[in-house]
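Since the structure comes first, as structure tokens, the remarks are kept for the end.
Every number in this text was worked out from the coordinates using simple rules, so none of it is lab data. Worth saying up front: this structure is predicted, and the values here are computed from it rather than measured. Note that each Cβ is placed from the backbone with ideal geometry, even for glycine, and that neighbours are counted across all protein chains shown.
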Amino acid sequence: MSVQANAQTASFVNLEGSQREAFKNNLYSSSEKINTLECNFVQKQILSMLSDEVVSKGTMTFKKTDRLLWIYNSPYEFVFLMNNGRITTKSGGKTSSFDSGSSPLMKELCKIMVAGLKGDTKSLETSFNTKYLTNGTQIKVVMNPRNKSLASVFKQIDLLFDAGTFIVSSIEMAEPSGDKTSISVSNVKINGTVDDKVFDIH
Amino acid sequence: MIKYLTFISLAVILCSCTPKMTPATGLLNPMVPEITVSPMHFKATISFGTNSVTGIMAVKQRSDLAILGSFTNEFGVKGFDFIYQDGKTDLVYVMPALNRKMIKKILRKDISLLSGYGIGSIGRLSNNKPGKTPVVLYPDPAEKYKTEKDILISGNSIDQKIIVALEDFRHKLRIDLVSLPPDEE
């Protein structure tokens, strides 16, 4: 709670030159050490046209190299799994599976989430122009899409990390329509034991 | 090339066959108390043939009686925004993957009927005794000469949930809305 309050009051300054490279390298070396990551999340969608907010909650589990399990518990149960290039979703008892290549948007979203959770922002630099900012306690990575296809879906993506631990605290996605989705993560557990069976979704 | 031309032909046929909507005069701008104070959220399932996509549909009514709606997937990526007013739907935003003339034409027509007859009947469904067989909301028997063919809208209330479904048999499109409990404060 205090971390978020600081983020709102302290102003961020742009990092440049050697400072920027040092932050990037620290983030990257920290991300390289992450084999598993588990966390809770609260997602808030701001619907600009309706002046409305939709809140969703759930858990995320990541296991190296590219397995990501995203479980929404509220407002209804929805499971999303990215596993070895395949995407599986489960909703209302129905499971469907498809190759991630057939849904470039979902593939990119998974890449953003994994990179965001781990702190591997370097892997996103081919798709996004990135700026690194800090307010002393946090690092904000501001990303703007490089290509038209991504820019038609995302106007900007902000990743917020703790400057001391390099652990992600929020991911905020702004859309061209004016809507925003922010995902705040909590109870982050790094390199705990994650059984492969967790990723068996049928 | 043949596949591409077949798709174009199909698109032209579907568009040219889409009949003009003639909504019931009394339902052009229904007053829906449930969505005038604050938006109502639904779990939405949009099925097209054997494919389906789920997400959240938020709807509210403005003071001028226009019904506003937003459909996003679970991750917050917007599918479309619409405004239903005077019996017509304006798609304010459509995600690039859906931004096709044929898709938009079908969506506009079906959302108009869904808003006017389905969402516009939320209050009526709330008062319905739970567990009863779904109520046919469209076609309205009183207006059988004005109604669209091949479209059925039904509603029900089960376990404090409002359920509204639109079936567009012509285009094999189905929209299911199941109301969600209000967000926790």
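Before moving on, here are some points about what is shown:
- Residue by residue along A:52-62, Cβ atoms of other protein chains within 10 Å of the local Cβ number 3 on average.
- Net charge of neighbours whose Cβ lies under 12 Å from the Cβ of B:G55, counting Lys and Arg as +1 and Asp and Glu as -1: 0
- Using a Förster distance of 56 Å, the FRET efficiency for B:K149-A:N40 (Cβ separation, nearest 0.05): 0.70
- Listed pairs B:K105/B:K149; A:K90/A:K118; A:K24/A:K140; A:K33/A:K64 exceeding 18 Å between Cα atoms: A:K90/A:K118
- Shielding score for A:39-47, defined as the mean number of other chain Cβ atoms within 10 Å: 3
- An ellipsoid equivalent to the protein assembly as shown, defined through the eigenvalues of its Cα gyration tensor, has semi-axes of 41, 22, 20 Å when rounded to whole angstrom and sorted largest first.
- Modelled FRET efficiency - R0 25 Å, B:D64 with B:K105, Cβ distances, 0.05 increments: 0.50
- Phi angles of region B:28-45 translate, via the Karplus equation with coefficients 6.51, -1.76, 1.60 and θ = phi - 60°, into HN-Hα couplings of 4, 9, x, 8, 10, x, 4, 10, 8, 6, 9, x, 10, 10, 10, 7, 10, 10 Hz per residue; Gly and Pro are given as x.
- Judged by the mean number of other Cβ atoms found within 10 Å, the most tightly packed of the peptides B:49-59, A:188-198 leads the ranking B:49-59, A:188-198.
- Between B:D140 and A:N73, the FRET efficiency estimated from the beta carbon spacing at R0 = 45 angstrom works out to 0.70.
- Taking the centroid of alpha carbons for each part, region A:122-171 and region A:182-199 are 21 Å apart.
- Number of partner chain Cβ atoms within 10 Å, mean per residue of B:53-64: 3
- Assuming charge only on the beta carbon of Lys and Arg (+1) and of Asp and Glu (-1), the dipole of the protein assembly as shown about its Cα centre is about 1020 debye to the nearest 20.
- Positive minus negative residues near A:V114 (Lys, Arg vs Asp, Glu; Cβ under 12 Å): +3
- Each of A:E32 and A:T95 was given a label point 7 Å from its Cα along the Cα-to-Cβ line. The distance between the two points is 3.7 nm.
- Highest average first, the peptides A:36-42, B:110-116 ordered by how many other beta carbon atoms sit within 10 Å of their residues are B:110-116, A:36-42.
- Between A:K107 and A:K122, the contour length at 0.36 nm per residue exceeds the Cα-Cα span by 3.7 nm.
- For chain A, a crude dipole built from +1 on the beta carbon of Lys and Arg and -1 on the beta carbon of Asp and Glu, taken about the Cα centre, is about 240 debye to the nearest 20.
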